[in-house]
Amino acid sequence: MAAAPAPPRLGAVAWLRANLFSNWSNTVLTLLGLFLLVRALPPLFDWGVAHAVWGAADPDVCKAASGACWAMIHEKYRLILFGRYPYAEQWRPLLGLVLLVVMIGLSCNRNAWGLRLAEAWGAALAAWLLLMWGGVAGLTFVPNNLWGGLPLTLILTVIGLAIAFPLSIFLALGRRSRMPVIRILCRVYIELIRGVPLISLLFMASFMLPLFLPTGVSIDEVLRAQVAIILFSAAYLAEAVRGGLQAIPKGQHEAAHALGLSYWQAQRKIILPQAIAVAIPAIVNIFIGLFKDTSLVAIVSLTDLLLAMRQAIADPQWRRFFVEGYVFIALIYFVVCFFMSKYSQYLETQFRSGQQR
Amino acid sequence: MAASAASAGTMVHMQGLHKWYGQLHVLNDINMDVARGERVVICGPSGSGKSTLIRCINRLEEHQQGRLTVDGVELTNDLKNIDAVRREVGMVFQHFNLFPHLTVLENCTLSPIWVRGRPRRDAEELAMQYLERVRIPEQAGKYPGQLSGGQQQRVAIARSLCMQPNIMLFDEPTSALDPETISEVLDVMIDLAESGMTMLCVTHEMGFARQVANRVVFMDAGEIIEASPPEMFFNHPQSERTRLFLSQILSH
Ligand SMILES: Nc1ncnc2c1ncn2[C@@H]1O[C@H](COP(=O)(O)OP(=O)(O)OP(=O)(O)O)[C@@H](O)[C@H]1O
Ligand SMILES: [Mg+2]
């Protein structure tokens with residue numbers, strides 16, 4: 001195939017012409033966009049930066065100012081980030097947070113995926129729990145109904161995904177199984193879970209589960225919410241994975257079997273790597289949704305990031321600056337979700353490299 | 001009949017084989033023995049059941065009646081037997097069916113490593129040997145998507161050979177290829193035939209059939225109509241249907 005000659009490098013003016021003013025309607029849209037930007041940006045800048053109160057300041061100073069009151073964040077950020085975790089001990093959730101972020105960072109490298117990484121995660125999670133709970137090694141015991149804020153939101157997501165994802169693969173395979181019992185069970189599970197909102201699952205896990213347990217036995221509240229999150233997201237992930245599985249041509253299964261690979265070998269080595277690569281956008285979509293949905297655990301009185309912020313601004317002195325609080329955690333949510341989205345794009349190109357069909 | 005089935009020289013033994021897809025009788029009383037080292041070419045009009053027949057041999061399709069024995073192992077629902085047969089039978093598909101997410105070398109070593117339990121080093125050496133034999137050792141590091149159709153099909157052949165099978169099945173291996181690359185695949189197949197491999201090939205390459213086949217089998221509507229050595233098959237076809245088929249295919 002003869003490659004088209006490389007286009008000459010365009011100057012800025014030519015670029016503007018080609019992309020923004022290529023025809024009459026594009027020109028109108030460009031001008032309209034510019035107009036809206038000009039109208040919206042300066043007031044936003046005035047509010048958020050120019051007239052805002054930065055650093056430590058009295059609420060009265062904020063009241064007098066016409067801009068945002070970032071002093072509120074300065075005053076309350078530890079409450080927002082770590083919830084009701086004992087103030088003096090908050091270095092522990094901070095360290096735990098750093099640990100999680102480092103582990104997530106390490107896991108982003110595709111070459112690191114493997115048994116070693118799984119073991120490292122096991123160790124990291126154990127260390128995290130130890131750090132948060134304490135009660136050993138001179139750390140005071142902190143019951144987990146005091147855990148909250150960003151560490152809680154992150155751990156619910158991380159453990160949720162780490163367990164739900166493998167589970168969803170089995171569900172997706174089960175749904176396509178040739179054995180009717182397995183197929184029907186998986187199908188019923190997926191349909192049932194998808195048919196109810198996460199909120200009701202959380203409620204059920206929180207209030208109904210104990211009714212079925214013998215008296216005296218109780219399951220930890222955080223664990224209950226965690227289980228509900230896992231069960232919920234596994235059903236959705238299973239459908240995303242199944243979508244990927246369906247995209248794999250029959251010939252791949254046949255070739256694998258003709259080469260003597262067993263069912264599980266064929267799935268593991270041939271089918272799943274391709275299916276999951278196809279399903280990455282859908283899977284990450286669910287990951288992002290799940291991360292935000294963890295804020296629903298607030299209804300079973302767990303203090304996630306969102307609830308921690310709302311509790312922080314319950315302080316009468318600062319109550320009027322709730323917008324700043326929402327902006328602050330919106331930024332945190334956005335950064336994490338944007339990272340996931342970018343990472344999924346990176347993964348897609350990685351998986352695609354070399355294997356144009 | 002029974003005596004010949006038991007004899008050590010029989011690689012494939014089919015006796016009264018039947019298969020249906022719903023109402024459609026795709027295999028109708030197939031009786032055929034293939035001896036060790038024999039090369040059988042199967043031809044016939046589209047939909048006559050050629051693919052179904054050879055896919056029964058490694059159980060990609062299931063027969064519903066009759067007996068099918070491969071290298072002394074009878075194919076039943078017994079998974080152990082099926083696995084044993086698949087380890088000894090290689091298959092080459094019309095559309096190659098290479099694994100696009102693995103390199104050429106990985107395509108070739110996968111099964112020896114995971115099914116045969118060979119050490120990786122060993123498997124790679126073997127794979128390079130076979131890639132040389134199909135004359136593309138220099139493509140070992142590439143992905144299938146980067147190769148031409150003819151190259152991909154040769155990789156597929158090498159991939160099957162890496163399992164060191166006793167029998168090779170080919171299902172129209174050249175039908176999806178450009179005319180100018182057909183010969184590079186046929187050359188590899190001729191080479192393989194000369195090495196004494198037992199081969200069953202579904203193909204319409206009559207030149208290939210004349211050159212390497214011990215026997216040409218003509219199928220129509222799920223039945224074996226005629227089976228004879230090539231010179232007999234092409235020069236003195238016994239049945240009217242065979243003559244009609246040959247006149248159609250040779251006039252192209
Ligand atoms: N999975 C299936 N379900 C139903 N019918 C099928 C299935 N596979 C094949 N058939 C039918 O069985 C018949 C034989 O198919 P087969 O693929 O064996 O023919 P073939 O001789 O290989 O034809 P071709 O030369 O087109 O490859 C055809 O009529 C086909 O439509
Ligand atoms: Mg066919």
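The values are calculated or read from the model by the stated rules, or taken from the named source; none is laboratory data. Predicted model only: the values in this text are computed from it and were never measured. Quick reminder, even Gly has a Cβ in these numbers, built from the backbone with ideal geometry, and neighbours come from all protein chains shown. Keep in mind that these areas ignore ligands, DNA and RNA; they rest on the heavy atoms of the full protein, side chains included. Shrake-Rupley method; radii C 1.70, N 1.55, O 1.52, S 1.80 Å.
Summary table below
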read-out	value
Cα point-scatterer Debye curve for segment A:247-324, base-10 log of I(q)/I(0) at q = 0.14, 0.22 Å⁻¹	-0.65, -0.96
Convex hull volume of segment A:102-155 per residue (C-alpha atoms, cubic angstrom)	85
Proximal lysines relative to A:K63, as straight alpha-carbon distance under 20 Å, when same-chain residues fewer than 8 apart are discounted	A:K76
Solvent-accessible area buried by pairing B with A, both sides, nearest 100 square angstrom, 1.4 angstrom probe	2000
3J(HN,Hα) from dihedral phi, segment A:324-338, Karplus parametrisation 6.51/-1.76/1.60, rounded to Hz, x for glycine, proline	4, x, 5, 4, 4, 6, 4, 4, 4, 4, 4, 4, 5, 5, 5
Principal axes of segment A:142-188: Cα extent on each, largest first, Å	48, 15, 13
Debye, to nearest 20: dipole size of segment A:141-229, +1 on Lys, Arg Cβ, -1 on Asp, Glu Cβ	580
Cα lying deepest toward the dipole's positive end in segment B:118-252, options B:V188, B:P229, B:A156, charges on Cβ	B:A156
Normalised convex hull volume, segment B:116-228, alpha-carbon set, Å³ per residue	130
Charge dipole of segment A:67-183 about the Cα centre (unit charges at C-beta), most positive-ward option of A:W133, A:L94, A:L115	A:L115
Residue order for A:W54, A:W24, B:W114, A:W128 - accessible surface, 1.4 angstrom probe, largest first	A:W24, A:W54, B:W114, A:W128
P(r), alpha carbons of segment A:292-351 - 5 Å bins starting at zero, rounded %	4, 16, 19, 18, 16, 10, 7, 5, 3, 1, 0
Fluctuation leader among A:V38, A:V300, A:V327 - chain A, Gaussian network, Cα springs under 10 angstrom	A:V38
Accessible surface of the protein assembly as shown, 1.4 Å probe, proportion on carbon and sulfur as whole %	62
Solvent-accessible ranking of A:F21, A:F212, A:F328, A:F170, largest area first, probe 1.4 Å	A:F212, A:F170, A:F21, A:F328
GNM result for chain A, Cα springs below 10 Å: residue of A:M132, A:M204, A:M72 fluctuating most strongly	A:M204
Mean projected area in nm² (Cα convex hull; one quarter of hull surface) for chain B	13.9
³J(HN,Hα), Karplus 6.51/-1.76/1.60, whole Hz, each residue of segment B:75-85, x for Gly, Pro	7, 10, 6, 5, 5, 4, 5, 4, 4, 4, 5
Net lengthening on full extension, A:A247/A:Y263 (0.36 nm per residue, minus Cα-Cα)	4.0 nm
Interchain or long-range residues, amide H under 5 Å from A:L139's placed H	none
Folded to 0 to 90 degrees: helix B:179-194 orientation relative to chain B principal axis, Cα	80
Shape call, segment B:75-147: gyration tensor on alpha carbons, a/c limit 1.5	prolate
Computed P(r) (all Cα pairs; segment A:67-193; 10 Å bins; percent)	11, 30, 24, 22, 10, 2, 0
Neighbouring partner chain Cβ atoms per residue of B:101-112, average, 10 Å criterion	3
222 nm mean residue ellipticity, helices alone, for chain A (DSSP H n ≥ 4; -39,500 (n - 2.57); rounded to 500)	-21500 deg cm²/dmol
Highest-MSF residue in chain A out of A:R320, A:R178, A:R17 [GNM, Cα springs under 10 Å]	A:R17
Sorted largest first, extent of chain A alpha carbons per principal axis (Å)	77, 75, 39
Mean residue ellipticity (222 nm) of chain B, computed from DSSP H runs ≥ 4 via -39,500 (n - 2.57), nearest 500	-12000 deg cm²/dmol
Per-residue ³J(HN,Hα) for segment A:220-237, Karplus 6.51 cos²θ - 1.76 cosθ + 1.60, θ = phi - 60°, Hz, x for Gly and Pro	3, 5, 4, 4, 4, 5, 4, 4, 4, 5, 4, 4, 5, 6, 4, 5, 5, 4
Farthest positive-ward along the protein assembly as shown dipole, Cα basis, beta-carbon charges - from A:W70, A:F287, A:N19	A:W70
Inter-chain shielding of A:265-276 (mean C-beta neighbours from other protein chains, 10 Å cut-off)	2
Filtered GluC sites (Glu not before Pro), segment B:60-158: DSSP coil and at most 14 other beta carbons within 10 Å	B:E62
The protein assembly as shown - Debye-derived log10 I(q)/I(0), Cα point model, q = 0.07, 0.08 Å⁻¹	-0.66, -0.79
Listed peptides A:43-53, A:26-36, A:270-280, B:223-233 by packing density, highest first (mean Cβ within 10 Å)	A:270-280, B:223-233, A:43-53, A:26-36
Nearest-10 value in Å² for the accessible area of B:S51, using the 1.4 Å probe	40
10 Å Cβ neighbours from other chains, averaged over peptide B:89-97	4
Lys, Arg +1 and Asp, Glu -1 on Cβ, resulting dipole of chain A about Cα centre, debye, nearest 20	1240
Extended-chain gain in nm, criterion 0.36 nm per residue less alpha-carbon gap, A:R39 and A:D220	60.0 nm
Accessible area in the full protein assembly, largest first, 1.4 Å probe, for B:D178, B:D83, B:D220	B:D178, B:D83, B:D220
Size of charge dipole - segment A:107-260 - debye, nearest 20, with Cβ of Lys, Arg +1 and Asp, Glu -1, no other charges	600
Amide H contacts of B:E38 (H built 1.01 Å from N, under 5 Å, at least 5 apart or other chain)	B:M199
Among the listed pairs B:K80/B:K142; B:K50/B:K142; A:K250/B:K142; B:K19/B:K80; B:K19/B:K142; A:K269/A:K342, those beyond 31 Å (Cα-Cα)	B:K80/B:K142; B:K50/B:K142; B:K19/B:K142
